[in-house]
1. Sum -39500 (n - 2.57) across every DSSP H segment of at least 4 residues in the chain, then divide by the residue count to get the 222 nm mean residue ellipticity, nearest 500.
2. Give the range of the longest stretch in the chain that excludes all trypsin sites (Lys or Arg not before Pro) found in loop regions by DSSP and having at most 14 other beta-carbon atoms within 10 Å.
3. Along the charge dipole of the chain, which of L85, Y97, S160 sits closest to the positive end, that is, farthest toward it, with unit charges on the beta carbon of Lys, Arg, Asp and Glu (+1, +1, -1, -1)?
4. Which of the listed residues, I75, F122, I24, is farthest toward the dipole's positive end in the chain, when Lys, Arg count +1 and Asp, Glu count -1 at the beta-carbon?
5. Could you give the nm distance between label points at F122 and I188, where each point is 7 Å from its Cα heading toward the beta carbon?
6. Treating the angle as unsigned and between 0 and 90°, give the value, to the nearest 10°, between the Cα long axis of helix 155-172 and the longest Cα principal axis of the chain.
7. Given a 1.4 angstrom probe, what's the average accessible area per residue across the chain, in square angstrom?
8. Counting only protein heavy atoms and a 1.4 Å probe, tell me what percentage of the chain's accessible area is made up of carbon and sulfur.
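The values are calculated or read from the model by the stated rules, or taken from the named source; none is laboratory data. Values in this document were obtained by computation on a predicted structure and should not be read as measured data. A quick note on method: Cβ atoms are made from the backbone with ideal geometry, for glycine too, and the neighbour counts reach across all protein chains shown. Remember, those area values only see protein heavy atoms, side chains included, never the ligands or the DNA or RNA. Shrake-Rupley method; radii C 1.70, N 1.55, O 1.52, S 1.80 Å.
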Amino acid sequence: MVQELDEIRKTLFAWLIVFFAFAIFLFFFNIKKGLPVFSTDSISLTLFQKIYSDLVPKDIKLLITNPFNVLFVQIQVSLFFAFLLSLPVFLYRVTSYLSSALKKEEKKALKMSIIPSILLFFTGCLFAYFFLIPFTLRFMNIYVTSFEAATYFEINEFISFVLALILTSGLAFTLPIFMRTLSSLGLIDSAFWIRNFKYSLIAIVIFTAIITPDGTGVTMLMLSIPLISLYLLGWLLSKGVSYGT
């Protein structure tokens, strides 16, 4: 037990070193001068400005109620993109740790899930960034502009909303690989997924209703449709997969 805990500690520590190295680089590195100094040209603030220009409608302005909020935003952006950049390292370290306790067939199933999981995760992130979030903000802004009132988005609320939706969408898109891996490891029979499809459908609808901000159901539907499709893809991938293949 002590040895296992020590291995977990080493695994997490190795990833945390990479994670914080990326975070510090993104927070301090100056794009124009190429120097590790604090400035408004840091990579993290440049990324935030890119997010703002890409996602927020022109007539919506950001509201800064506290000068420290800009610092907090820069920290959030740095940590978020550091997580994205260090994700392959995290998955590799976790897989290496788990592989030591698995059989040959189980190791193969686990290793085969790494690259597809990363690809689907980033696909989900891009889906949220280029489709889900812009549509949500523009759709909600239609109702606001009808009142002919000035519209402001508190800066911390904005970046928290964007980053949280990107992350949850990315994680949700890994669903088919998660399903296939469980079936490949012999933990869940592939027939289980289709047999419980109606319950999974309800769970997907509830999940998307929680993470989407508007109460109209439009953005919930935008996310539910691809997730339902991914669930069916996961069932097809796990169909015919038996333990030991």
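1. Taken over the chain, the calculation gives -24000 deg cm²/dmol.
2. Values: sites that count: K32, K33, K58, K103, K239.
That would be 104-238.
3. Y97
4. F122
5. That separation, rounded to one decimal, is 2.6 nm.
6. Computed tilt is about 20 degrees.
7. Values: 14010 Å² over 245 residues.
Each residue of the chain exposes 57 Å² on average to a 1.4 Å probe.
8. On the way: 10150 of 14010 Å².
Exposed carbon and sulfur together represent 72 percent of the surface.
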